[in-house]
Amino acid sequence: MEQEKISWSPEAKIEVTGREFEFLARLASLYEIPQAQLSLKDLQELYIPALQASQDILKRMLESGIATKGELPTEPEVEGAVI
């Protein structure tokens, strides 16, 4: 399977729904909770919605032209992000 490089400007403005923000903020809260206190179910309830939210945001970024897609280069680049 071929990987794709998706990149965008760090200054790009994107729209995020309240639900997407909630899921991503809940995931970020993991830094405040000792992981030993979380069950696998708790982790799934944090990761799965946040992953879906990030995929939805990225899809909108691609559709609106904020992000661009291309093949991964043979040499790693510093700019952008690889998803």
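The values are calculated or read from the model by the stated rules, or taken from the named source; none is laboratory data. Keep in mind it's a predicted model, so treat the numbers as computed, not measured. Neighbour counts are summed over all protein chains in view; Cβ atoms, including those assigned to glycine, are modelled from backbone coordinates with ideal geometry.
Points worth noting:
- Residue pairs whose Cβ atoms lie under 9 Å apart, separated by 6 or more positions or on different chains, with the first residue in the range 51-67 and farther than 13 Å from Glu15 by Cα and the second surrounded by 15 or more Cβ atoms within 10 Å (Cβ to Cβ) and among the acidic types (Asp, Glu), are Gln52/Glu20.
- Condition met for Arg19 (at pLDDT 95 or above and outside any loop (DSSP other than H, G, I, E, B)): yes
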